[in-house]
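To keep things clear, I will list the structure first and then write my remarks on it.
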Protein chains: 2
Amino acid sequence: MFSKACEYGIKATIFIVLKSHEGKRVNPKEIAKEIDSPEAFTAKILQALVRHEVIVSVKGTYGGFEIDKDKISTIKLADAVRAIDGDSIFNGCGLGLKSCDEDHPCPVHDKFKDIRDALKNMLEQTSFEELAFNIKSGASFLKL
Amino acid sequence: MFSKACEYGIKATIFIVLKSHEGKRVNPKEIAKEIDSPEAFTAKILQALVRHEVIVSVKGTYGGFEIDKDKISTIKLADAVRAIDGDSIFNGCGLGLKSCDEDHPCPVHDKFKDIRDALKNMLEQTSFEELAFNIKSGASFLKL
DNA sequence: CTTATTTAAGACAAATTTATCCTAAATAAA
DNA sequence: TTTATTTAGGATAAATTTGTCTTAAATAAG
Ligand code: SF4
Ligand code: SF4
């Protein structure tokens, strides 16, 4: 479904939201430990999230990654997915014809479109704040 | 979503269904041309479909790949997907935790489960015969 | 039985994704 | 300003997926 990079990116963003709520910044080491991911690879993914303005980085002592407090509630799953995997999951799908449209669809188009749209809606409607809240309350987990 | 191999496998199976309806066998060359895929790689995928008993192979002169006529209507998208990509798409998902269950879910579990189940249902309910019929009627296409 | 034909299988190669490592650039503290 | 700290970026490596090629095995026709 998602690339490994995207999975790490989503988990990392949830953790950063969690920490940003407390007004704290986090570094790649801490993040990788928390989400059980390879540290250097995670750092690369964080760079991509910064470039796409999903998260913010601060260099130097006491630096790290964070999210603007008043922006936290606006970030959706789709933002992280788009930053890392692009939007192929939103428009490309099924049998991956080179140039497909409603008038020249692949055989699974009608069946597939509904699933793809449901996925798209879910990703665009689910906020990281909501996901982070469930971690905090112990309803869900970032590793194991 | 699906691997390239799985995409080719699905298209190939649709084409084989189409030909089997006419009582004809097809070889990898013909299949690859029809679905616009690399021939040798497609041959490998056909082997996997044979091993998983989705299609049947006949060696020697006038040999090729086919599907038992009375079995055609029973084959579902899920059969080909399982044969090639395994069942990770049916149970693994979301953030890919190592050992996840309802009691120890990842943060996206609740959101994700619905999509995954919808996908699973679609794959298990859609028959290749139905897809092949749409090709035949010109409602959908295998390439371009 | 012999031969031509076709799939099966395994070794190999290319491309992509995942992951690591080292150095540069930025920044804040002292 | 100097130094310590931290992210950014590029080179490299490992693993996986995608793709090719050659030979073996099976089978039907003649
Ligand atoms: S035709 Fe429809 S289902 Fe098939 S690849 Fe294009 S958008 Fe996806
Ligand atoms: S969505 Fe549910 S089943 Fe999928 S990885 Fe997360 S916890 Fe596991």
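Of the set (1) of a type in the set (D, E, K, R); (2) away from ligand 1 (no atom under 16 Å from the Cβ); (3) modelled with pLDDT under 95, all apply to A:K76 but (3). None of B:A48, B:A78 is within 14 Å of chain A (Cβ to nearest Cβ) and among the hydrophobic types (A, V, I, L, M, F, W, C) except B:A78. For segment B:104-124, the set of residues classified as facing chain A (nearest Cβ under 9 Å) and in contact with a Lys or Arg (Cβ under 9 Å, 6 or more places away or on another chain) consists of B:P105, B:C106, B:P107, B:M122, B:L123, listed by residue number.
Please enumerate the residues belonging to segment B:64-123 that are of a type in the set (A, V, I, L, M) and more than 19 Å from the chain's Cα centre (by Cα). B:L95, B:L97, B:V108, B:I115, listed by residue number. Checking each residue in segment B:111-134 for being of a type in the set (D, E, K, R) and either within 9 Å of ligand 2 (Cβ to nearest atom) or crowded, with 21+ Cβ neighbours inside 10 Å (or both) picks out B:K111, B:K113, B:R116. Can you report the number of residues in segment B:51-75 which are among the aliphatic types (A, V, I, L, M) and either within 14 Å of chain A (Cβ to nearest Cβ) or within 9 Å of DNA strand D (Cβ to nearest atom) (or both)? Number satisfying all stated conditions: 2. Checking each residue in segment A:33-59 for being among the hydrophobic types (A, V, I, L, M, F, W, C) and surrounded by fewer than 21 Cβ atoms within 10 Å (Cβ to Cβ) picks out A:I35, A:A40, A:F41, A:A43, A:A48, A:V50, A:V56, A:V58. Across segment B:1-31, the number of residues qualifying as within 15 Å of the chain's Cα centre (by Cα) and away from DNA strand C (no atom under 11 Å from the Cβ) comes to 15.
Scan segment B:7-29 for residues that are in contact (Cβ under 8 Å) with a residue 24 or more places away in the chain and of a type in the set (D, E) and the total you get is 0. Restrict the check to segment A:90-110 and report whether at least one residue is within 16 Å of ligand 2 (Cβ to nearest atom), of a type outside the set (S, T, N, Q) and either in a loop (DSSP other than H, G, I, E, B) or at pLDDT below 95 (or both). For segment A:90-110, residues within 16 Å of ligand 2 (Cβ to nearest atom), of a type outside the set (S, T, N, Q) and either in a loop (DSSP other than H, G, I, E, B) or at pLDDT below 95 (or both): absent.
A:S140 passes every criterion in (1) within 14 Å of chain B (Cβ to nearest Cβ); (2) away from ligand 2 (no atom under 16 Å from the Cβ); (3) free of Cβ contacts under 8 Å to residues at least 24 places away in the same chain; (4) assigned to a loop (DSSP other than H, G, I, E, B) apart from (2).
The values are calculated or read from the model by the stated rules, or taken from the named source; none is laboratory data. From a predicted model like this one, the values you see are computed outputs, not experimental measurements. Here Cβ is always computed from backbone atoms with ideal geometry, including for glycine, and neighbour counts include all displayed protein chains.
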